[in-house]
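Nothing in this text is a laboratory measurement; each read-out follows from the coordinates by a stated rule. Computed from a prediction, not measured in an experiment: that's the story for all the values here. With ideal geometry, Cβ positions are generated from the backbone for all residues, glycine too; neighbour counts draw on all protein chains shown.
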Amino acid sequence: MKIRLLVLLFAGLGLTSCSVMSPQKVKYNSKTMDRAYIGTYTKKEGHVDGKAAGILHVNINRQSGEITNIYTVASVINPSFVRLSPDGRFLFAVSELGPGDADSGFIYSFKAEKDGSLKEVSRLSTEAYAPAHIEVDKTGSLVFVSNYSGGVVMVYGVKEDGSLERKQRIDLENPDQSHAHSLTVSPDNTMAYIADLGNDRIWIYNLNVEEGILKPASRPYLQLEKGAGPRHFTISSDGRFAYSMNELNSSVSVFRILGDGSLEIKHTISSLPEDFSGKNSGADIWLHPTGQWLYVSNRGHNSIALFDVNKETGDLEAKNYTSTAGKTPRAFSVSSDGIYLYVANQDSDDISVFTIDESSGDLKIISRPSPVPTPVRIELVRN
């Protein structure tokens, strides 16, 4: 299939300042708006110039794409990844810290109030540096944190009030080389897959929810090609296929999930158009709720790549690439109804809103991006 490049050009996207919150009071309307918590960077690091003041809460108009009522709801340092519990009662957030900041990174838990405000209920060490990702199991009773530095993955139990308790620490092989970038729980809540960027591996664990622990599977990992750098991982709703966004070589790997939960690689496809020759690193990955399309974000090409999914074989076919109209798209989110896609453009300090065509999966930007300081993760609130 011929690959089409969709380029969206906007004049005057430069922002004079994003460090000052300027809330514009707009009454929330659940029929026309989404609400979201935004994970951000708050200070200058080697890879980013953080401008936010902590975790943000925003309203997003689905028709206009306008983002309003931007408030800092928790003053956390570098809360780069945020995740709601399945019932929406609690929000979990990392504090992505390095050796010069504290003795470790941290994981926070908050009670999420109906008005969007947050009440801190606990803070625990992640026992390593640069916590980069949070996963919550399907019951909402376990939280998993992947530390980018040191190959450490932590398991926490969730108490009735939303506070966390330490359950387990997993130390991956080659800690000096390992970069645990994410953990993904299977749809049936029995398996966990850890994307280890440094070791080019997907580690495979059996999940025991009652005990709150992970145990290595009979085939404990799948080795990817050297230099792939698996970052984020997603699984089809029927549990038959899985997909890895590989950061370092800008590719997507397709896996068959076998009966024992182990992985068999089917094929790998580039996340970039053939004529692109610049620098790029892959970031996030999402399957559309229908399972028909898969989206990934490219930092450098600054695009969302769209793939058609063969639901019988799991295979991917590249379809097109849509500019995010911003710089360095990190995480993005697809609405539960599959109609909207929201992109956090980290280095242009804005969020872009797209509609998803119901017949083709193609993206169409609604309006110019809305200013939001150093956004990283968009966690949509369940209405």
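Working ranking of peptides 264-270, 317-323 by packing, defined as the average number of other Cβ atoms within 10 Å per residue, highest first, is 317-323, 264-270.
Taking neighbour counts of Cβ atoms within 10 Å as a proxy for exposure, in what order, fewest first, do Glu96, Glu274 appear?
Ranking Glu96, Glu274 by Cβ neighbours within 10 Å, fewest first, gives Glu274, Glu96.
In terms of the mean number of neighbouring beta-carbon atoms within 10 Å, the peptides 344-351, 161-168 order highest first as 344-351, 161-168.
Dividing the mean sequence gap of close Cα pairs (under 8 Å, 6+ apart) by how many residues region 243-306 holds gives a relative contact order of 27 percent. Under a model in which nothing but the beta-carbon of Lys, Arg (+1) and Asp, Glu (-1) is charged, region 201-253 shows a dipole of about 200 debye around its Cα centre. Normalised by the number of residues in region 264-383, the mean separation of alpha-carbon contacts (under 8 Å, six or more apart) gives a relative contact order of 18 percent.
Computed over region 239-383, the percent of Cα pairs more than 19 Å apart is 50. Charging the Cβ of each Asp and Glu at -1 and of each Lys and Arg at +1, and nothing else, the dipole of the chain about its Cα centre rounds to 820 debye. Counted residue by residue at 0.36 nm each, then reduced by the alpha carbon distance between them, the extension gain from Glu165 to Arg89 reaches 25.6 nm. In whole Å, how far is the Cα centre of region 207-256 from that of region 284-331? Measuring centre to centre over Cα atoms gives 17 Å. Counted by neighbouring Cβ atoms within 10 Å, the residues Val381, Val296, Val376, Val26 run from fewest to most as Val26, Val381, Val376, Val296. Scaled against the 2.2 N^0.38 Å expected of a compact globular protein of N residues, the Cα radius of gyration of region 280-329 reads 1.16. Could you sort out which of Lys215/Lys279; Lys215/Lys266; Lys31/Lys319; Lys44/Lys279; Lys43/Lys138 sit more than 29 Å apart by Cα distance in this structure? Among Lys215/Lys279; Lys215/Lys266; Lys31/Lys319; Lys44/Lys279; Lys43/Lys138, the Cα-Cα distance tops 29 Å for Lys215/Lys279; Lys31/Lys319; Lys43/Lys138.
Report the FRET efficiency, 1/(1 + (r/R0)^6), for Lys27 and Arg219, where r is their Cβ-Cβ distance and R0 is 56 Å, rounded to 0.05.
Calculated transfer efficiency: 0.55.
GNM remark for the chain: springs join alpha carbons under 10 Å apart, and the peak mean-square fluctuation among Phe81, Phe90, Phe276 falls on Phe276. Extension gain, His47 to Asp238: 0.36 nm times the residue separation minus the Cα-Cα distance gives 65.1 nm. Derived from the Cα gyration tensor, the three semi-axes of the equivalent ellipsoid of region 212-320 are 24, 17, 12 Å, largest first.
Once the Cα-Cα distance is subtracted from the 0.36 nm per residue extended length, the Asn383 to Ile269 segment shows a gain of 37.4 nm. Put the Cα centre of region 167-206 next to the Cα centre of region 79-155 and the gap is 16 Å. Counting neighbouring Cβ atoms within 10 Å and putting the fewest first, the residues Ser109, Ser95 line up as Ser95, Ser109.
Mean separation of Cα pairs under 8 Å and 6 or more residues apart, divided by the residue count, gives the chain a relative contact order of 14 percent.
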